[in-house]
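Here, each number is a calculation from the coordinates, and none is a lab measurement. What you are looking at is a predicted structure, and each value in this text was computed from that prediction instead of being measured. Every residue, glycine among them, receives a Cβ derived from its backbone with ideal geometry; neighbour counts consider all protein chains shown.
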Amino acid sequence: MLTRFDTERVLAQLFQERRELDRQIAELESSALETGRVNGPQFIIMCMHCKRILDPVDDRWRRSAAHAHPAYPVSHGLCPECLHTHYSDSL
């Protein structure tokens with residue numbers, strides 16, 4: 001059977017571990033904000049016509065697939081040039 005002293009010691013240890021976890025979470029969230037990876041999976045946005053990829057760092061569309069990473073799913077979008085070329089009559 002736990003004594004009151006044992007219970008207080010265990011609770012103090014749990015609170016200390018919780019504070020450490022909260023500190024680590026805050027550090028990870030800060031790092032995520034700095035790298036642009038926030039809340040959930042990152043998506044690679046690829047133009048559905050020309051297949052260029054949107055660079056999340058500077059919001060420019062690039063022909064290089066250097067940003068492609070197999071861990072990130074692809075979401076199709078539409079670059080400004082293809083929007084104008086293929087859908088200017090609809091705008």
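Here the Karplus relation 6.51 cos²θ - 1.76 cosθ + 1.60, evaluated at θ = phi - 60°, turns the backbone of the range 72-84 into coupling constants of 9, x, 9, 10, 7, x, 9, 6, x, 5, 5, 4, 5 Hz, with x for every Gly and Pro.
Here's how it looks for W61: its modeled amide H is under 5 Å from those of D55, which are all 5 or more places away or on a different chain. Here the Karplus curve 6.51 cos²θ - 1.76 cosθ + 1.60, taken at θ = phi - 60°, turns the phi angles of the range 14-22 into couplings of 5, 5, 5, 5, 5, 4, 5, 4, 4 Hz, with x standing for Gly and Pro. Computed packing ranks the peptides 20-31, 75-86, 46-57 as 46-57, 75-86, 20-31, most packed first, by mean other Cβ atoms within 10 Å.
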